[in-house]
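Following: one structure in structure tokens, then a few remarks.
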């Protein structure tokens with residue numbers, strides 16, 4: 001609990017302080033009078049005044065705030081030229097956007113250092129597009145796709161690697177999805193029904209890439225696998241059930257997907273000493289481990305039959321120079337930002353679950369997990385990468401056109417620029433009040449959502 005609280009304070013403290021520093025620095029640069037710059041919230045503990053600004057340290061260290069002269073629509077204004085609302089719109093735009101900008105810059109720097117140090121790049125995207133496990137009752141299963149098929153074309157586009165196949169799927173028309181696969185020395189043509197949602201990807205169709213063996217990377221908390229004692233680093237040798245036994249990653253997942261509610265016996269090998277991450281696939285440590293049996297019963301979750309483990313996959317350490325690291329980092333931030341907006345769009349349309357939203361409780365839990373993982377591995381990289389992710393999400397979220405957020409200020413400024421006149425202060429006050437209520441309701445919802453992930457609320461309110 002102490003680790004979780006400290007990690008949460010550090011993550012939010014750094015990301016929010018960096019955000020507010022962006023507003024502060026831009027306001028100072030544009031000669032806008034800054035009344036208060038506080039590290040932390042609440043009453044002042046320590047502080048001093050310099051250059052007309054009071055610098056404070058406050059007791060609640062989960063962020064900070066900047067108070068500028070004349071920034072509130074409903075506040076007292078003197079009409080002084082150094083007040084926020086007295087400055088031109090493009091000045092106010094720069095001040096509003098500088099907070100999210102600093103969060104995004106922090107994320108880029110953190111990810112760039114990771115690329116400089118080296119990142120593990122999975123091998124499967126460069127390998128032939130050989131189909132691995134196919135989920136029972138999935139679109140792929142109903143279409144006739146089989147484990148071991150090698151995909152050679154998608155809608156007439158030739159593919160040779162798994163990455164080629166993913167790109168071809170992503171650009172394919174939903175209502176005309178056809179594949180050609182090589183099976184038993186002959187080409188087989190397969191037609192797929194359109195998947196739910198907007199994206200066409202292997203997981204939506206119900207198949208995955210093939211792996212040479214089933215190594216466990218992580219185990220989901222409170223899952224059947226975790227309750228049975230499966231641990232990260234274990235190798236699943238075989239799975240057997242009533243009148244059936246299978247070995248190998250592909251067949252193991254096929255058996256799991258077809259065994260909802262049926263107890264299965266997992267034969268695993270647990271290494272005596274876990275090998276380093278870059279040697280796990282080549283190491284002989286698993287061959288020297290002890291063999292044991294675990295009984296695990298698959299469950300259905302979000303339409304998939306699972307036991308709750310994430311497989312490890314072969315990956316190679318790849319390092320980048322300074323320019324390459326920055327380029328990769330910027331691209332990663334762009335990809336994550338686009339994905340965030342796509343998820344928000346899906347939630348609004350109702351095609352994605354609101355369970356994907358996380359609030360302060362979930363951030364605190366993951367912060368604690370990241371801190372403990374960093375301590376166990378002896379590397380702070382995991383924690384800092386999570387810090388970068390939170391900083392990026394904070395920057396992106398603040399750009400949403402929600403009144404009271406930076407994005408709301410930016411949206412109002414853009415509207416005023418388009419209509420070539422200022423919106424009345426009275427209307428702006430009402431917009432801010434509506435935005436404040438919406439934000440309170442949203443915060444209440446995400447907190448309730450966080451609690452539902454760790455507490456069985458249905459049992460409590462029955």
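In contact with a helix residue (DSSP H, G or I) (Cβ under 8 Å, 6 or more places away or on another chain) and part of a helix (DSSP H, G or I), is that true of residue 94? For residue 94, the condition - in contact with a helix residue (DSSP H, G or I) (Cβ under 8 Å, 6 or more places away or on another chain) and part of a helix (DSSP H, G or I) - is met.
To keep it simple, each residue is scored yes or no on (1) surrounded by fewer than 20 Cβ atoms within 10 Å (Cβ to Cβ); (2) over 28 Å from the mean Cα position of the chain (by Cα).
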{"position": "10", "(1), (2)": "yes, no"}
{"position": "15", "(1), (2)": "no, no"}
{"position": "27", "(1), (2)": "no, yes"}
{"position": "35", "(1), (2)": "yes, yes"}
{"position": "42", "(1), (2)": "yes, yes"}
{"position": "47", "(1), (2)": "yes, yes"}
{"position": "52", "(1), (2)": "yes, yes"}
{"position": "63", "(1), (2)": "no, no"}
{"position": "70", "(1), (2)": "no, yes"}
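Residues being at pLDDT 85 or above, assigned to a loop (DSSP other than H, G, I, E, B), buried (at least 18 other Cβ atoms within 10 Å of the Cβ) and out of contact with any strand residue (DSSP E or B) (no Cβ under 6 Å at 6 or more places or on another chain) are entirely absent from the stretch 378-394.
Among the residues of the stretch 116-130, none qualifies, meaning not one is assigned to a helix (DSSP H, G or I) and crowded, with 20+ Cβ neighbours inside 10 Å.
Taken across the stretch 234-242, residues that are within 26 Å of the chain's Cα centre (by Cα), crowded, with 21+ Cβ neighbours inside 10 Å and over 29 Å from residue 168 (Cβ atoms) do occur, with at least one present.
Among the conditions (1) surrounded by fewer than 12 Cβ atoms within 10 Å (Cβ to Cβ); (2) modelled with pLDDT of 90 or more; (3) in contact with a helix residue (DSSP H, G or I) (Cβ under 7 Å, 6 or more places away or on another chain), the only one that residue 317 does not satisfy is (2).
If you go through the stretch 155-174 and keep only what is surrounded by 13 or more Cβ atoms within 10 Å (Cβ to Cβ) and on the phi > 0 side of the Ramachandran plot, you end up with just 155. How about the stretch 113-131: which of its residues are touching a helix residue (DSSP H, G or I) at 6+ places or on another chain (Cβ under 7 Å) and under 15 Å from residue 335 (Cβ atoms)? Answer for the stretch 113-131, where residues must be touching a helix residue (DSSP H, G or I) at 6+ places or on another chain (Cβ under 7 Å) and under 15 Å from residue 335 (Cβ atoms): 114, 115, 125.
Taking the conditions exactly as written (at pLDDT below 85, surrounded by fewer than 14 Cβ atoms within 10 Å (Cβ to Cβ) and part of a helix (DSSP H, G or I)), does residue 442 satisfy them or not? It is true that residue 442 is at pLDDT below 85, surrounded by fewer than 14 Cβ atoms within 10 Å (Cβ to Cβ) and part of a helix (DSSP H, G or I).
The values are calculated or read from the model by the stated rules, or taken from the named source; none is laboratory data. Note that the structure is a prediction, hence the values are computed from the model and not measured. Every residue, glycine among them, receives a Cβ derived from its backbone with ideal geometry; neighbour counts consider all protein chains shown.
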